[in-house]
Amino acid sequence: MNRKVSLTTVACAALLILSLPVGVLAVQDEPLVTIDESNPLATPDAGSTYEETGTFGGNVSGYDMRVTVAETHSDAGLSGIEYTSVTDRMHHYLRVDYDEDIDRTIRFYVDSDVWYPHYRELEAENADVTASLTPVNDSEYTAVEITLTGPTDAVFQVPKVVSGYYYARDSGRSWLENRTGYEIPSVFSGGTQWERVDHDDLADTNESVAIGTNNSDPMIQYDTADDGQRWVPVPNCDTARGEDAPVCTYERPEDPDHVYVLADGDDPPPVRYKHGTDVVAEMQASVNELLEVPNRLMEQVKEFFGGDD
């Protein structure tokens, strides 16, 4: 892609750079391992057993990893004066015990009978780890996505009141639909799950990766963060934004059923895509894109003056 910067662009950058903080540079994330339903917490009896015994879990086949839900902090392995019977009544506890040296970003599902699915970002109580919660299959499951860098024993608090709110909201929608026969759209529907573009395929400079449109334009995003995740939309290659981005998209007139993703270089950032409507993800990506503006301006100034600092 063309990386040349016009004098006008640099002039605008020079005016803005004094008042804007510098963003972070994009780095490679870990490839996504989709365990999904292949874990004990996604089984049909997970919710009933958890309700009866107060705890439920087991080992994840193929990995040195164990996932557990618990009603009390002590059963989840937490201790301290900040954890009481009151906090236990307000939360579910999710424990992820990973004992491998391999860094992985893992996604697994939790059945809706354990807690009602909803969007949530959770910080571990006892480790520097974040878990992203997303509804799946019309709220049949919660998808939990977590990046693990070596052996990790992380416990998360899942607020019951938030889960209960989404259950009440969706139950009310279902009741109204049954009474009126009219399907009420939900702009916060989880829809399909995110899929990752294979890094090796994208890094091949002689190839581009095709993504099926499924009769609608897919949402395609790339990660710009070096400490967590900051997903922004992948721009079109024909735009000014696309010329500067590490990845961009384009279409082929002879193949209207696909969108193609092209990388600039052999170490592209993580790229994900999904079909359907996800207003929450769209809004977050828009905010993240605004946060990336200072970083892009600084990179343009560096390139113009030929310096690294």
Practice task
Consider a paramagnetic label point 7 Å from the Cα of residue 38 along Cα→Cβ; state which residues of the range 78-111 have an amide N under 15 Å from it.
Solution key: 105-109
Exercise for the section: Rounded to whole Hz and in sequence order, give me ³J(HN,Hα) for the range 76-85 from the Karplus expression 6.51 cos²θ - 1.76 cosθ + 1.60, θ = phi - 60°, writing x for Gly and Pro. Expected result: 8, x, 9, 8, x, 5, 6, 10, 9, 5
Exercise for the section: Sort out for me the Cα centre separation of the range 214-272 from the range 77-149, rounded to whole Å. Expected result: 30 Å
Exercise for the section: Compare the peptides 259-265, 269-275, 125-131 by average per-residue count of other Cβ atoms within 10 angstrom and give them in order, highest first. Expected result: 269-275, 259-265, 125-131
Completion exercise
Taking placed amide H atoms and a strict 5 Å upper bound, the residues 5 or more places from residue 153 or on another chain that come that close are 98
Handout entry: Per-residue ³J(HN,Hα) for the range 107-123, Karplus 6.51 cos²θ - 1.76 cosθ + 1.60, θ = phi - 60°, Hz, x for Gly and Pro
Key = 10, 9, 9, 10, 4, 5, 6, 7, 8, 6, x, 6, 7, 6, 10, 10, 9
Practice task
Starting from the range 87-123, pick out the GluC sites (Glu not before Pro) whose DSSP state is loop and whose Cβ has at most 13 other Cβ atoms within 10 Å.
Solution key: 100
Problem - q = 0.19 Å⁻¹, the range 33-168: log10 I(q)/I(0) [Debye, one scatterer per Cα] - result: -1.11
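Here, each number is a calculation from the coordinates, and none is a lab measurement. Small disclaimer: the values here were computed from a predicted structure and weren't measured. Every residue, glycine among them, receives a Cβ derived from its backbone with ideal geometry; neighbour counts consider all protein chains shown.
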